[in-house]
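Novice: Here's a structure for you.
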Amino acid sequence: MIDKTALEQVINEALEGTKMFLVTLKVSKDNVIDVALDSDEDITIDDCVAVNDAVLAAFDRDDEDYELTVGSYGLTSPLLLPRQYRNSVGCDVEVLTADGRKLKGVIADADDEGFTLTTTVKRKLEGKKRPEMVEEQERFNYSDIKQTKNIINI
C-alpha cells in the first residue's frame, strides 16, 4: 500500500509556490488514490496534470500498482479548511451547525479558529407593530459546524 504520509509530502512539494493547496487525500486498501485540490484562484487541467506527474515521478507503478485521480475540489462540496472559509468571505453559504440548526447567510469574516456568519432574520423590534427584516451576525468555531456549503446563485 502506498505510504499516505510520503504521498502527501510529494503533493505538497508539487504545490509549493502556487496558490493551490491540498484539501483531501484518500488512499484505499486497493491503492486507489483520490487527490482533491483547491486554490485561491482558478485551477486548470494543467495544474492537476502537474500534480499527477509529480506523484507518478515519485511512486513507480512497476514497484507498486495504483490508480490515481487528481482533481479540483467541487464548488458545491462542503468547506473543510479555514483557508476555504477565508476564500469564501462575502459568499452566500448554507451552514448546518452541530446542534442541528440550518442557517443561510454570508460569511463576513474567517480566521483559523472560526468564522462570522451574517444572516437576515425577521424580528419584532421595540416600538414597531410589525416584524422587520434585520441583519444579525453570529460567530462560530469550526468545531461547532457539521457542514458549510457555498450557495450557487444563477
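Any read-out appearing in this document is the output of simple, stated calculations on the displayed coordinates, not a laboratory observation. Please read all numbers here as calculations on a predicted model, not as lab measurements. Using ideal geometry, Cβ is built from the backbone for each residue, glycine included, and neighbour counts are taken over all protein chains shown.
Novice: Give a quick list of trypsin sites (Lys or Arg not before Pro) in the range 99-139 that DSSP marks as loop, anything other than H, G, I, E or B, with at most 15 other Cβ atoms within 10 Å.
Specialist: For trypsin sites (Lys or Arg not before Pro) across the range 99-139 that sit outside H, G, I, E and B with at most 15 neighbouring Cβ atoms in 10 Å, the list reads Arg101, Lys124, Lys128, Lys129.
Novice: Please report the relative contact order for the chain, taking Cα pairs under 8 Å with a sequence separation of at least 6, and give it as a percent rounded to a whole number.
Specialist: Worked out over the chain, it gives 18 percent.
Novice: Count the DSSP beta bridges whose two residues both fall in the chain, then state the antiparallel fraction as a percent rounded to the nearest 5.
Specialist: Of the beta bridges lying entirely in the chain, close to 85 percent run antiparallel.
Novice: For the range 27-90, which trypsin sites (Lys or Arg not before Pro) are in a loop by DSSP, counting at most 11 other Cβ atoms within 10 Å?
Specialist: Values: sites: Lys29, Arg61, Arg83, Arg86; in loops: Lys29, Arg61.
Listed in order of number, the matching sites are Lys29, Arg61.
Novice: Using θ = phi - 60° and the Karplus curve 6.51 cos²θ - 1.76 cosθ + 1.60, what whole-Hz ³J(HN,Hα) does each residue of the range 37-45 get, with Gly and Pro shown as x?
Specialist: Going residue by residue, I get 10, 9, 8, 6, 10, 6, 10, 9, 4 Hz, with x marking Gly and Pro.
Novice: Could you check the simple spin-label distance between Arg123 and Thr5, using points 7 Å along Cα→Cβ, in nm with one decimal?
Specialist: With each label placed 7 Å out from Cα toward Cβ, I get 5.0 nm.
Novice: With only Lys, Arg, Asp and Glu charged, each at its Cβ (+1 for the first two, -1 for the last two), find how big the charge dipole of the range 44-118 is about the Cα centre; round to the nearest 20 debye.
Specialist: Details: 6 positive and 16 negative charges, 152 e Å.
My answer is approximately 740 debye.
Novice: How would you classify the range 33-80 from its alpha-carbon gyration tensor, with a ≥ b ≥ c the square roots of the eigenvalues: rounded for a/c under 1.5, else prolate if a/b is greater than b/c, otherwise oblate?
Specialist: prolate
Novice: Taking amide H atoms as placed 1.01 Å from N in the peptide plane, list the residues 5 or more away in sequence, or in a different chain, whose amide H sits under 5 Å from that of Thr24.
Specialist: Under 5 Å from the amide H of Thr24: Ala36.
Novice: What is the set of long-range amide H partners of Val32 at a cut-off below 5 Å, with H atoms built 1.01 Å from backbone N?
Specialist: Amide H to amide H, under 5 Å and 5 or more residues apart or across chains, Val32 pairs with Glu67.
Novice: What is the spin-label model distance, in nm, from Arg101 to Asp42 if the labels are put 7 Å beyond Cα along the C-beta direction?
Specialist: 3.8
Novice: Through the Karplus equation 6.51 cos²θ - 1.76 cosθ + 1.60, θ set to phi - 60°, convert the phi angles of the range 83-90 into ³J(HN,Hα) values in whole Hz; use x for Gly and Pro.
Specialist: These are the phi-based 3J(HN,Hα) values: 4, 5, 5, 4, 5, 9, 4, x Hz.
Novice: Next question. What 222 nm value per residue comes from the helices of the chain, counting each DSSP H run with n ≥ 4 as -39,500 (n - 2.57) and dividing by all residues, nearest 500 deg cm²/dmol?
Specialist: Helices in the chain give a 222 nm mean residue ellipticity of -6000 deg cm²/dmol.
Novice: Here is a follow-up. Ordered by residue, what ³J(HN,Hα) values in Hz, to whole numbers, does the range 8-20 give under the Karplus form 6.51 cos²θ - 1.76 cosθ + 1.60, where θ = phi - 60° and Gly and Pro are x?
Specialist: Using θ = phi - 60°, the values come out as 4, 5, 4, 5, 5, 5, 5, 8, 4, x, 10, 8, 8 Hz.
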